[in-house]
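Asker: Dropping the structure in here first, questions after.
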Amino acid sequence: MNALLTVVSSLVWWVLYGSIGALFCALIAWSVLRWTERCNVVFNRVYLACLLWTLLGMLLVVGVAAYEGHLHPPFRALLASGLLRWALVGDMLVGAVLVCRLTPRVDARRIRFGNACLAVGVVAAVGFGVGTVLV
């Protein structure tokens with residue numbers, strides 16, 4: 001019973017932290033997409049794409065950290081890992097595909113893939129900047 005409660009609690013916290021992180025990512029991506037598309041984009045769909053991207057990214061980073069044995073601080077060795085760098089590149093590609101496929105403009109057309117890549121790149125740059133300050 002304790003194992004079941006632990007798993008359920010971990011899933012609840014995973015979704016909670018993922019949704020908080022996705023809100024910040026969505027605010028940045030939404031403003032970048034509005035600027036690059038020169039048209040309104042649907043915020044709740046940007047949030048959905050960022051939520052799926054954030055949840056997948058969290059699983060990916062924890063998986064790489066568990067594989068390399070860096071689950072406890074300090075995380076500088078994890079940041080220097082080549083496997084984590086390739087995983088983050090793949091994560092950004094998946095994020096760009098999710099943002100491109102799930103986010104329509106207000107006029108019901110899809111956003112362009114290049115603009116989705118730019119939005120994901122800006123989110124990643126801000127995330128890396130905040131991450132390096134905190135670590």
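Asker: Which residue out of G18, G82, G95, G69 is modelled with pLDDT under 95 and surrounded by 18 or more Cβ atoms within 10 Å (Cβ to Cβ)? It would help to see each step written out before you state the result.
Answerer: Values: G82 fails: surrounded by 18 or more Cβ atoms within 10 Å (Cβ to Cβ); G95 fails: modelled with pLDDT under 95; G69 fails: surrounded by 18 or more Cβ atoms within 10 Å (Cβ to Cβ).
Matching residue, one of G18, G82, G95, G69: G18.
Results for (1) closer than 23 Å to C117 by Cβ; (2) under 10 Å from the mean Cα position of the chain (by Cα), shown as yes or no for each residue.
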{"site": "W53", "(1), (2)": "yes, yes"}
{"site": "G57", "(1), (2)": "yes, yes"}
{"site": "G63", "(1), (2)": "no, no"}
{"site": "A66", "(1), (2)": "no, no"}
{"site": "W86", "(1), (2)": "yes, no"}
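Asker: Please enumerate the residues belonging to the stretch 103-119 that are in a helix (DSSP H, G or I), open to solvent by 30 Å² or more (accessible area, probe 1.4 Å) and either touching an Asp or Glu at 6+ places or on another chain (Cβ under 9 Å) or of a type in the set (F, W, Y) (or both).
Answerer: F113 - this is the single residue of the stretch 103-119 that is in a helix (DSSP H, G or I), open to solvent by 30 Å² or more (accessible area, probe 1.4 Å) and either touching an Asp or Glu at 6+ places or on another chain (Cβ under 9 Å) or of a type in the set (F, W, Y) (or both).
Asker: Cβ-Cβ under 9 Å, sequence separation 6+ or interchain: first residue in the stretch 22-42 and under 20 Å from L56 (Cβ atoms), partner surrounded by fewer than 15 Cβ atoms within 10 Å (Cβ to Cβ) and polar (S, T, N, Q). Which pairs?
Answerer: A26/N44
Asker: Restricting to the stretch 31-66, and then to whatever is farther than 21 Å from G18 by Cβ and surrounded by fewer than 16 Cβ atoms within 10 Å (Cβ to Cβ), can you tell me which residue is modelled with the highest pLDDT?
Answerer: Out of the qualifying residues, it is W35.
The values are calculated or read from the model by the stated rules, or taken from the named source; none is laboratory data. Values in this document were obtained by computation on a predicted structure and should not be read as measured data. All Cβ positions, glycine included, derive from the backbone under ideal geometry; neighbour counts span all protein chains shown. Areas reflect the complete protein model, heavy atoms only, side chains present, ligands, DNA and RNA absent. Shrake-Rupley method; radii C 1.70, N 1.55, O 1.52, S 1.80 Å.
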